[in-house]
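Visitor: One structure, pasted below without further comment.
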Amino acid sequence: MSGGQQLSLTMMLAVPAILAQLSSVLMQYIDFAMVGHLGANQAASIGLVSTCMWLFNGFAMAVVTGFTVQVAHACGAKDFGRARNLLRQGLSSAAAFSLLLGLAGVLIGGALPGWLGGAEEIRADGTAYFRIYAGFLPITMAGYAASAMVQSSGNMKVPSMVYIAMCALDVVFNYIFIYLLDMGVEGAAWGSGIAETLASVFGIWYALTRSEELKITGTKGSFIPPPATRRAAFRVTGPLWLQNIVMRGAYVASTLIVAPLGPVSIAANALAITAESFCYMPGYGLEEASTTLVGQSLGASRRDLARRFGWTTIGMGMAMMSLLAVAMYAFAPQMMGIMSNDPEVVSLGARVLRIEAFAEAFYAASIVGFGVCAGAGQTLVPTILNFGTMWVVRIGLALILTPRYGLTGYWIAMCIELSFRGILFLVYVRSNHWLKKWA
């Protein structure tokens, strides 16, 4: 393929994935904007438990990725019979594992805000939000698995439409539950859960009955993965579980560092992270595209093409996120003002967003670089890189800077860590070690 053809194909896959990421970010933005205007305590209650929600999501998504990478390889090799079997087995595995996670979430939800050091006035709302989220987890993760495997087959358009519809439904149901029914934080959880459920049901239906490459209508197969498929999935899922503990575990540790600063800092931190999501959504969209492009190239025995797609997606991610970082720096107060009417929260959140803007280009390199390696089924070394930077650099610096400079100190630590992580990923991808290990 020529450079222009590669760029065109990358954009064809990346743009729908970026739009899907945008819809996901908008859902978070909507939740925080609707709840944030109820007060700093309400926003802080969601912010307190959000890192644990990321942790649970990460465990479930790792199971999904173990199958989506195999779907990409099977589609690249034109083995659509195997791809259909992987769809069956991936859906059942994601649903079963997420059911266990959901039950665990409901059980620990009552004690969780206290474990995280939340103030008494925000614990009840935090418990309610987390328990409702956990209850919806099995169906939402099954829906995510269906959409992810359709994406891995090369169809980005339909999953993107599903995510955008989910975003629109979230606005409607949040308005009903938060304002019309006056349910506050709990209403936000119900609104998001119902929106995600409706979108998930459609996504599963489409994957099973309408996807040209994956539909199982008229075919037979087992929903229980055979040993070889389980081993192949675990080679990807195992390191991703480790990464989830490393990354999301560090976010939980960060909550413990930030929580003593009080509800204003907790709210500003959570809202700023959500606002920053608009900056890094192209990175995660390109990460999905890179996993599909690299996986299908290797499935077709085209290592040279996989390498070129890797650098194309990384370069595009760094360029897009750099441009958005400039906009984030310029409009940080306005971005925070949409989600909160508390002057202290808005001022503090805008200050830390402007610090983070300087790290976005290298953050893109780490996000998309991980997707490139995942497409080749190589996730162990990237996980080790994430572990070292998160726990040694970010947490280490945060423990020193946060007590002295408050939330600003924590975001300075995060900015330094993200920049260092991005440099390490560029060096690793440049080494081609991830490609040499492809079997």
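Visitor: Any idea what diffusion coefficient the chain gets from Stokes-Einstein, in µm²/s, Kirkwood Rh on alpha carbon pairs, 25 °C, 0.890 mPa s?
Guide: In µm²/s, the coefficient rounds to 113.
Visitor: Straight-line reach from residue 436: which lysines have a Cα under 27 Å away, not including same-chain ones fewer than 8 places off?
Guide: Once the sequence-local lysines are set aside, what remains near residue 436 is 78.
Visitor: Could you sort 48-58, 179-189 so that the peptide with the highest average Cβ count within 10 Å comes first and the rest follow in order?
Guide: The peptides rank, most packed first, as 48-58, 179-189.
Visitor: Given the rule -39500 (n - 2.57) for each run of at least 4 DSSP H residues, summed and divided by the residues of the chain, what is its mean residue ellipticity at 222 nm, to the nearest 500 deg cm²/dmol?
Guide: Roughly -29000 deg cm²/dmol at 222 nm, from the helical runs in the chain.
Visitor: Follow-up. Using a 10 Å cut-off on Cβ atoms, rank the peptides 308-317, 352-361, 142-151, 219-228 from the highest mean neighbour count down.
Guide: Ranking, from highest mean packing down: 142-151, 308-317, 352-361, 219-228.
Visitor: Need one word for segment 306-439: rounded, prolate or oblate. Basis is the Cα gyration tensor (sqrt eigenvalues a ≥ b ≥ c); a/c below 1.5 gives rounded, then a/b vs b/c decides.
Guide: Verdict is oblate for segment 306-439.
Visitor: Right, another one. Of the listed peptides 333-344, 396-407, 121-132, what is their order by residue-averaged count of other C-beta atoms within 10 Å, with the highest listed first?
Guide: Ranking, from highest mean packing down: 121-132, 333-344, 396-407.
Visitor: When a/c reaches 1.5 or more, the comparison of a/b and b/c decides; with that in mind, is segment 141-270 rounded, prolate or oblate per its Cα gyration tensor?
Guide: Details: a/c = 2.93, a/b = 1.35, b/c = 2.17.
It is oblate, given that a/c is not under 1.5 and a/b is not larger than b/c.
Visitor: Of 122, 148, 427, which is farthest along the charge dipole of the chain in the positive direction, counting Lys and Arg as +1 and Asp and Glu as -1 at C-beta?
Guide: Farthest along the dipole direction, towards plus: 427.
Visitor: Give me the distance in nm between label points sitting 7 Å out from Cα along the Cα-to-Cβ direction at residue 300 and residue 219, one decimal.
Guide: According to this spin-label approximation, the distance is 2.0 nm.
Every number in this text was worked out from the coordinates using simple rules, so none of it is lab data. Not measured: the values here are computed from a predicted model. Don't worry about glycine lacking a Cβ; one is built from the backbone with ideal geometry, like all the others, and counts go over all protein chains shown.
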